[in-house]
Amino acid sequence: MEGCVMATIDELRKEPHWSYSALNTYLNICQAQYFYRYVEQAEVERTSVCFPFGKAFHAALTAQAWECMMGNSLRQDELVERFSEAFRIEAEATPNLIYKEGENFDTIIDLATKMLDAALANWTDYYTIKGVAQAFKVDVPGLDKPLIGEYDLIVQDGRDVCIVDWKTSASRWSAGKADRDLQATVFSYAYEKQNGTAPLFRFDVITKTKNPGCESHYTSRGFHDFRRFEALANRAQDAINKGVFLPNETSYACSECPYRDRCRQWHLKKWR
Ligand code: SF4
């Protein structure tokens, strides 16, 4: 779809759609959480600071990518300024924001500064950027709504086109994690649908550790990954339409779940 004027992700979100986030929540995190967020659209009880942090970090790196695309680059202090401004706006707009013990606005800015240093030290995308924050919308056979999403960055990597996704993570990614990740599958699937060829995929993972680091994890997807994704998405849609929403009570997501109190009453609800 290079060369076409695409809608923004905010415009695409206004119409009924499937997203990687929704499918991943249902398939890999917790069906009950999916129900509260996407079906019931229940009020959020609490929001971990991780969410506005991640959004603000993306905003800072997106600003850097736009600058690089125009032949410039942001200084470290400018990058921190972009983060601080975005985090302040996100934090103010987030209801029931919860900081971890010992964290506050200032410690978040300190941590982000170190992480942005790590991201800049690893940054190689100065002359290769083909697209920034590019939204997509594709049809998946059998799904009743289109699949939408947004590529953080598209770069030329040698002879390949490579989709880049920035991740902030509490710890380093293990070997093989990128090869199993559903987002790489969904985004490569969409790119292949739009362009007729599967891209390379790169996760740039910046750790939120005491001494943050940034590592690039490459992966790719092919025919069988795409057919398996179509089958999974269709089976998820069937189960959702039938009202199957089981809690995943050993999920890592329980500790920061925005619907924890509601979930305690899950077994008392009348399910059809
Ligand atoms: S508390 Fe755990 S089981 Fe309950 S909805 Fe949230 S993630 Fe799912």
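Since every read-out is calculated from the coordinates, none of them should be taken as a lab result. This is a predicted model, so every value here is computed, not measured. FYI the Cβ positions are ideal-geometry reconstructions off the backbone, even for glycines, and counts take in every protein chain you see.
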Given the conditions (1) under 22 Å from THR207 (Cα atoms); (2) among the acidic types (Asp, Glu); (3) exposed (fewer than 14 other Cβ atoms within 10 Å of the Cβ), every one holds for ASP125 apart from (3)
Could you count how many residues in the stretch 106-141 are closer than 21 Å to SER48 by Cα and in contact (Cβ under 8 Å) with a residue 40 or more places away in the chain? 6
Count, please, the residues in the stretch 186-217 that happen to be surrounded by fewer than 15 Cβ atoms within 10 Å (Cβ to Cβ) and hydroxyl-bearing (Ser, Thr, Tyr). 2
Based on what the data block shows, is SER255 in contact with a helix residue (DSSP H, G or I) (Cβ under 8 Å, 6 or more places away or on another chain), of a type in the set (S, T, N, Q), within 30 Å of MET115 (Cβ to Cβ) and in a helix (DSSP H, G or I)? no
Looking at TRP271, is it within 16 Å of the ligand (Cβ to nearest atom) and touching a Pro at 6+ places or on another chain (Cβ under 9 Å)? no
For the list (1) in contact (Cβ under 8 Å) with a residue 40 or more places away in the chain; (2) surrounded by fewer than 18 Cβ atoms within 10 Å (Cβ to Cβ); (3) of a type in the set (A, V, I, L, M, F, W, C); (4) more than 16 Å from the ligand (Cβ to nearest atom), I need the number of the one condition that ALA175 fails. (1)
For VAL244, the lone unmet condition from (1) within 21 Å of the chain's Cα centre (by Cα); (2) within 16 Å of the ligand (Cβ to nearest atom); (3) over 19 Å from CYS50 (Cα atoms) is (1)
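Tell me the residue from GLU81, GLU103, GLU90 that is without any contact (Cβ under 8 Å) to a residue 12 or more places away in the chain and touching a helix residue (DSSP H, G or I) at 6+ places or on another chain (Cβ under 9 Å), please.
Working: GLU103 fails: without any contact (Cβ under 8 Å) to a residue 12 or more places away in the chain; GLU90 fails: without any contact (Cβ under 8 Å) to a residue 12 or more places away in the chain.
Answer to the check: GLU81.
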Looking at the structure I just gave you, is PHE223 within 21 Å of the chain's Cα centre (by Cα) and more than 16 Å from the ligand (Cβ to nearest atom)? no
Verdict on ALA190 being free of Cβ contacts under 8 Å to residues at least 40 places away in the same chain and in contact with a strand residue (DSSP E or B) (Cβ under 9 Å, 6 or more places away or on another chain): no
